[in-house]
Structure formats: structure tokens, C-alpha cells
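Single-structure report; data block below.
The values are calculated or read from the model by the stated rules, or taken from the named source; none is laboratory data. All values derive from a computational prediction rather than experimental measurement. Glycine also receives a Cβ, built like all others from the backbone with ideal geometry; neighbour counts cover every protein chain displayed. In case anyone asks, the SASA skips ligands and DNA or RNA and just uses the protein heavy atoms, side chains included. Shrake-Rupley method; radii C 1.70, N 1.55, O 1.52, S 1.80 Å.
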Amino acid sequence: MDKPSASVIGKSIASNKSRDQVFAVIGLLATFVGMLTLAALLFDLASDGLARIKPHFFTSFPSRFAGQAGILSSWVGTILVMIVTALAAVPIGIGAGVYLEEYAPKNWFTALIEINIANLAGVPSIVYGLMALGLFVYQFKFGQSILSAGLTLALLILPIIIVATRESLRAVPGSMREAAYALGATKWQTTSDHVLPYSMGGILTGVIIGLSRAIGETAPLITIGALTFIAFLPDAPVKAEFPFISFEWLWSPYSVMPIQMFNWVSRPQAEFHLNAAATGLILMAMTLAMNAVAIYFRYRFRKRIKW
Amino acid sequence: MKKALLALSVLALVGIAPRAAKAQIVQIDGSSTVFPVTEAVAEEFQKSKKGKVKVTVGIAGTGGGFKKFCRGEIDVSNASRPILKSEIEDCKKSGVQFIELPVAYDALTVIVNPKNDWVKSITVPDLKKMWEPAAQGKITTWNQIRPEWPNSPLKLFGPGADSGTFDYFTEAIVGKAKSSRGDFTASEDDNVLVQGVSNDRNALGYFGFAYYIENQAKLKAVPIETAKGPVGPSAKTVEDGTYQPLARPIFIYVSKKSLDSKPEVREFVDFYLKNASKLVKDVKYIALPPSAYKIAEEHVSKRKVGTVFGGTAEVGVKIEDLMKREANF
């Protein structure tokens with residue numbers, strides 16, 4: 001067999017290189033589809049809604065006059081529901097993730113739990129709403145309250161947090177654990193002093209992705225009785241008289257921003273559609289801000305890792 | 001982590017702790033068609049009470065509202081149709097007695113594109129031919145309805161099957177609720193229907209009067225032919241009963257128990273009936289004559305429970321008929 005001549009090799013290299021460039025262009029186009037969609041969405045919302053975003057929009061209750069209507073009750077509702085969701089989902093999600101990754105024996109039962117969690121992540125959100133209606137609203141008698149809503153959304157994002165926790169625990173090299181064991185640390189000492197702190201950045205990212213999903217949910221909350229018109233705020237959590245802290249707000253009826261938006265979009269008057277666009281813009285800004293916080297945390301925690 | 005766990009246990013404790021006495025709340029849920037009216041009343045009522053009484057309004061739909069109402073979870077149910085037999089049964093089982101109060105009229109409006117120059121008016125049989133289940137896949141051009149209309153495709157737009165508007169229209173036109181052809185563009189959001197019809201010269205659709213009024217520049221309402229000639233939808237034709245059979249009353253249902261035991265519900269209902277005529281017009285629905293609200297007030301003060309519709313879906317009830325029935329009730 002003859003040796004391939006230099007020109008043949010040269011051609012082959014050239015064609016490989018051009019193929020490389022073709023893929024780079026395709027990849028770039030694929031990226032732009034996502035970017036452009038987001039940009040178009042933001043531009044569309046901003047062109048309609050930006051004019052409506054004035055201080056009074058945040059401090060007014062819904063109204064039949066589009067110009068006077070605001071999102072006070074719904075943004076307060078959104079934030080309170082998110083607090084309950086985070087308080088319930090974060091400890092349970094991280095706890096389950098740590099157990100499954102660090103403690104659980106590898107047997108059929110663990111495998112079953114893992115399959116279940118993976119399946120839960122794919123369950124449509126309305127199904128969570130139906131379950132929550134039976135469990136929280138009627139069985140536990142939490143009623144149509146912020147507590148029910150927060151717990152429902154917590155269940156919804158639990159799989160996301162568990163999966164993210166496990167992924168980032170797995171990213172911690174096994175040698176770290178072995179080193180800790182070699183020095184006589186118990187499993188809990190290894191986990192709490194080393195593995196968890198190192199993976200905190202990834203876990204927080206998962207938590208925030210989960211909360212970003214929860215903040216936009218409408219379907220399960222409508223099922224469990226979120227309201228559309230509500231022109232008062234829940235009880236203040238801090239009181240002037242003893243015992244100074246009140247949890248009465250947990251039982252309060254509520255609305256959230258996506259539901260307010262949904263209602264305004266379906267109104268006949270075009271001015272209400274502008275309000276809906278403004279609400280959408282604020283919701284997007286909240287989600288982007290949460291993502292920014294996630295990026296910041298990841299950066300900070302990465303910097304602290306010394307290995 | 002530790003803090004979060006602590007917070008969770010506090011949460012759990014609060015869950016067990018007995019709930020403090022509730023503030024005065026009037027709870028309302030039900031039809032999204034009635035929602036704008038009730039929202040307007042709730043807004044004004046809360047203003048007049050300076051925040052002492054709280055009102056909440058949801059949009060679970062007429063059926064969803066009655067479910068909650070008959071379980072005794074809410075004080076008032078918004079309904080875009082009279083209560084049905086099965087719902088009356090549910091209410092009876094849990095001992096919920098109700099007072100039926102018509103609060104406004106809505107006119108279902110048949111609309112076409114403004115460029116449509118052939119449809120001057122339409123008859124109920126024409127509409128039936130278009131919308132009945134037998135028309136599915138068969139009636140596809142305008143000249144199949146009337147030979148003098150052009151041989152261009154017939155594009156239909158209407159509300160989805162979960163809507164009370166759909167129920168009423170099919171009952172009034174086809175003769176049986178929910179009986180409709182399936183091959184039309186359906187949307188639960190009436191604004192989608194407005195867009196669809198305003199962009200297609202060959203389109204025809206139907207939805208509530210308020211959506212037509214807000215989009216008059218983009219749409220043309222089709223007068224319905226009656227014995228007295230073609231009648232278009234307007235406040236006047238609904239009030240004098242000539243716009244038929246597509247004018248329908250909308251209601252609130254009030255729980256008798258709530259009226260008796262919660263003074264704030266009583267106040268809210270009084271406020272509703274006193275201010276309805278003005279507020280109904282604000283949100284582009286058609287108000288009942290003042291005497292109708294007077295009769296309703298009497299029904300409230302005498303606690304007349306029950307329905308004047310006998311638990312069936314009924315179409316073409318004119319304001320006048322409705323008032324006679326209410327007065328004799």
C-alpha cells in the first residue's frame with residue numbers, strides 16, 4: 001500500500017476543519033434560538049407593559065379600572081407562598097438528597113425510591129394540585145390558605161432539589177470522604193463538615209431553579225383555591241403586642257402574580273392586557289434576579305473550595 | 001440548615017395550634033363571566049367599609065363555584081346559568097339553602113369580520129345548521145348555509161367546552177347543552193376568538209357582549225332575525241326582550257346560613273343590589289331594571305330560598321319573564 005500523499009492528508013484535514021466550523025455555526029444558531037426567544041418575549045412584554053410599571057402599580061389592589069389596578073396583593077402573596085415553599089422544600093429536599101447519596105444502602109428499595117423521585121419530577125403540576133386539594137385543603141384542614149399553597153409548591157419542586165443535591169454531592173471527589181474517614185470522622189462529620197459545604201453552590205442553584213419554577217405556577221394553585229380578587233393583605237408577621245410574632249398570615253387567603261396575570265389577560269379591555277404584560281415583566285425580572293443570586297452563590301462557594 | 005429545620009418545626013407547631021378567630025370575610029367563587037361584576041361590587045364595598053370587611057372572589061367556574069357553595073365553603077356563588085338539579089341535590093345533602101338573585105344580563109354576540117359584506121343578519125336555524133354536531137366536516141362553506149352567500153370557506157370560532165357560554169349557546173341554538181360540532185377553533189380565552197375573527201374575512205364566532213363592545217372596530221355583530229325583523233345586541237334590545245334567544249341572565253347565589261349568621265354577608269348583598277345598576281354598566285354588562293333589584297332585595301329580606309328555574313337549563317328568558325317569575329316566587 002502506498003503512503004498517502006501529503007495532499008490527500010491536507011485535504012482530509014481541511015475537510016475536517018470545515019466540518020468543525022459548520023458545527024460551530026449550527027451550535028451558534030441553536031444558541032441564538034433560545035436567546036432570541038427570550039429577547040423577543042422581554043421586548044414584547046416591555047413594549048406593552050413598561051409604561052404601567054409605576055410605584056402605584058406595586059401599592060394598589062386589583063380594581064375594575066385598569067389604570068388604578070395594581071398587584072399589591074399578588075406580589076405579597078407570591079413572596080409569602082415562596083417563603084413557605086422554601087422553608088418546607090429546602091430542608092426536606094436536601095435531607096433526602098444527602099440520605100440517598102451518602103447513607104442509603106444500594107438495594108432494590110433505594111432503587112425504587114430513586115425511580116419514584118425521577119417520575120415525580122415529570123408529573124404535571126395540575127396533578128399535584130389535585131392531590132394537595134384532597135390532602136392539605138380537606139384532610140389536614142389547612143383550607144385555601146398560603147400554607148396549603150406553599151406546601152403544594154414545595155412538593156412540586158422537591159424532586160428538582162433532591163436531584164440537584166445528589167448531583168452536586170456526587171461531584172465531590174471520593175478522596176475527600178476517604179481522607180475524612182482516615183482521620184476518624186464519622187459519616188455525619190464527613191458530610192456536614194466537608195461534603196455538604198463543598199457542594200453548597202450546586203445545591204443552592206438547584207433550590208433556586210426549583211423556586212423559579214414554583215413562582216410561575218398557576219394550575220395547581222387554582223385547583224387548591226387561589227383567589228383572583230383580593231384587596232387586603234395577610235396579617236402582618238410582626239406585631240406590636242405580645243408575643244410579637246404572628247403566624248396568622250399562614251391561614252390567610254391569597255392570590256399570586258401568575259393568577260392575577262391570567263385574569264387580566266382574559267379581560268375584554270385592552271388596558272387590562274397592558275397590566276398583564278407589566279405583571280409578566282415583573283415576574284420575569286424576579287426570576288432573572290433569582291437566577292443571578294444562584295450564579296453569585298455558585299461563584300462564592302467555588303472560591304472557598306481549596307482543592 | 002439548622003435554622004431551616006427550626007423554622008420547619010415552628011411551622012409544624014403552628015399547624016397544630018388552634019386557629020385564632022377569623023376576621024370578617026365574605027367568600028365568593030364561581031363563574032368568570034360574573035367575576036367582573038362581583039369584583040366591581042367587592043371593590044366598592046371594601047372602600048365603603050374602609051377595610052373592616054374583607055371580600056375575596058375566585059374564578060372556579062360556575063360548576064366549580066356551586067361545588068364549593070354546596071359544601072358550605074363559600075358564602076356567595078357567582079353563576080352564569082341557573083343552578084342545576086344535581087347541584088340542588090348536593091346543596092340539599094349538606095343542608096345549604098340558597099337565595100337566587102339575578103344581577104345582570106349578558107348578550108351572547110354572534111360576530112363576523114368587518115370585511116364580511118354578505119351577512120346582514122342570521123336566523124337561529126342558520127346558526128343551528130352551522131353549529132350542530134351533524135355539520136361536522138360537512139358544512140364547510142358559506143353558500144351551504146344560504147345559496148346567495150359566497151362559496152368561501154366557513155371558519156368557526158367559539159368558547160371551549162368548559163365554558164358556561166358554550167353551554168348556553170348550544171342549548172339556545174342546537175337545542176341541547178354541550179351539543180356542538182367539534183371542528184371549530186375553540187379557546188377558553190375570548191380574546192383569542194376576537195383575534196381569530198378579526199383576522200379572517202370568512203370567520204364567524206360568538207362570545208359575551210363585553211368582548212364585542214371593547215373590540216367594535218375590529219368586529220361586526222350579526223343581528224339575529226326574529227319575528228319582528230333583525231335585532232342586534234344592545235342594552236336596549238336586551239332590556240325590551242327583543243334580542244332573543246341569546247340574551248341570558250347572570251346570577252349570584254347566596255347561602256341562607258351565611259346571611260343569617262354573618263352580618264357582613266348581609267351587608268355585602270344589600271350593597272350589591274343597591275349599586276348593581278351602576279356598577280354593571282361600568283363593566284359593560286346590561287343592568288336589570290331598578291324594580292328587579294327591588295324584588296331581589298325583598299327576596300333577601302324574606303329569605304326566599306330556591307330557584308325559579310326548576311333546575312333545568314333554560315334559554316330565552318326575557319327580563320320581563322324573569323321579573324314576573326321572581327315577583328310571583
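Among the trypsin sites (Lys or Arg not before Pro) in segment A:97-194, those placed in a DSSP loop whose Cβ has at most 14 other Cβ atoms within 10 Å are A:Lys106, A:Lys141. In a reduced charge model with +1 at each Lys and Arg Cβ and -1 at each Asp and Glu Cβ, segment B:268-312 shows a dipole moment near 40 debye about its Cα centre. Using 1/(1 + (r/R0)^6) with R0 = 45 angstrom and r between the beta carbons of B:Asp282 and A:Ile113, what's the FRET efficiency to the nearest 0.05? Working from the Cβ atoms, E equals 0.20.
Report the charge-dipole magnitude of segment A:1-52 in Debye, nearest 20, computed about the Cα centre from +1 at each Lys and Arg Cβ and -1 at each Asp and Glu Cβ. Write out the running numbers ahead of the final one.
Numbers: 5 positive and 4 negative charges, 58 e Å.
Here the size comes out at about 280 debye.
Express as a percent, rounded to the nearest 5, the fraction of DSSP beta bridges in chain B (both residues included) that run antiparallel. Percentage antiparallel, nearest 5: 60. Size check on segment B:255-329: the Cα extents along the three principal axes, sorted descending, read 36, 31, 20 Å.
Could you work out the relative contact order of chain A? I mean the mean sequence separation of Cα pairs under 8 Å and 6+ apart, divided by the number of residues, in percent.
25 percent
Annotation: amide H of B:Thr226 within the under-5 Å range of B:Val231, sequence separation 5 or more or interchain, hydrogens built in the peptide plane. With no solvent and one point on each alpha carbon, what is the Debye value of log10 I(q)/I(0) for the protein assembly as shown at q = 0.06, 0.08, 0.11 Å⁻¹? Summing over Cα pairs of the protein assembly as shown leads to -0.43, -0.71, -1.14. Taking one quarter of the surface of the C-alpha convex hull of chain B gives a mean projected area of 21.1 nm².
Relative to the longest principal Cα axis of chain B, at what angle does helix B:164-173 sit, 0 to 90 degrees, rounded to 10? Computed tilt is about 40 degrees.
Could you tell me the total accessible area buried at the B-A interface, probe 1.4 Å, in square angstrom to the nearest hundred? Present the calculation step by step, with values, prior to reporting the outcome.
Details: alone 15520 and 17530 Å², together 29730 Å².
The summed interface area works out to 3300 Å².
Accessible surface computed residue by residue for the protein assembly as shown, with neighbouring protein chains in place and a 1.4 Å probe, gives 47 Å² per residue.
Sorting the segments A:212-225, A:121-134 by their residues' average number of neighbouring beta-carbon atoms within 10 angstrom, most packed first, yields A:212-225, A:121-134. Separation of segment B:81-134 and segment A:168-233 by C-alpha centroid, Å? Each part reduced to its Cα centre gives a spacing of 50 Å.
In this label model, A:Val33 and A:Ala6 are separated by 4.4 nm, measuring between points 7 Å along each Cα→Cβ vector. Expressed as a whole percent, the accessible surface of segment A:1-52 that belongs to carbon and sulfur atoms is 72, based on a 1.4 Å probe.
Rg and Dmax over the alpha-carbon atoms of segment A:41-128 stand at 21.2, 61 Å. Taking only the C-alpha atoms of segment B:110-232, the Rg (one decimal) and the largest Cα-Cα distance, Dmax (whole number), read 13.2, 35 Å. Each principal axis of segment A:54-306 carries a Cα extent, and these read 69, 43, 41 Å when sorted largest first. Adding -39500 (n - 2.57) for every DSSP H run of four residues or longer, then dividing by how many residues chain A holds, sets the calculated 222 nm ellipticity at -22500 deg cm²/dmol. If you roll a 1.4 Å probe over segment A:54-306 with all protein chains in place, what percent of the accessible area is carbon or sulfur? About 71 percent, which is the carbon plus sulfur part of the accessible surface.
Between B:Arg201, B:Arg146, B:Arg81, the GNM of chain B built on Cα springs shorter than 10 angstrom shows B:Arg146 fluctuating the most.
Take the Cα gyration tensor of segment A:1-52, multiply each eigenvalue by 5, square-root it, and list the three semi-axes largest first, rounded to whole angstrom. Present the calculation step by step, with values, prior to reporting the outcome.
Details: eigenvalues 494, 8, 3 Å².
Gyration-tensor ellipsoid for segment A:1-52: 50, 6, 4 Å.
Straight-line cross-link partners of B:Lys129 among the lysines, defined as a Cα under 30 Å from its Cα and at least 8 positions apart when in the same chain: B:Lys85, B:Lys115, B:Lys120, B:Lys138, B:Lys155, B:Lys176, B:Lys178, B:Lys218, B:Lys220, B:Lys228, B:Lys236, B:Lys318. Apolar share of the accessible surface for segment B:110-232: 52 percent from carbon plus sulfur atoms, 1.4 Å probe. Across the options A:Pro258, A:Pro234, A:Pro62, the greatest Cα extent toward the positive end of the charge dipole of segment A:54-306 (unit charges at beta carbon of Lys, Arg, Asp, Glu) belongs to A:Pro258.
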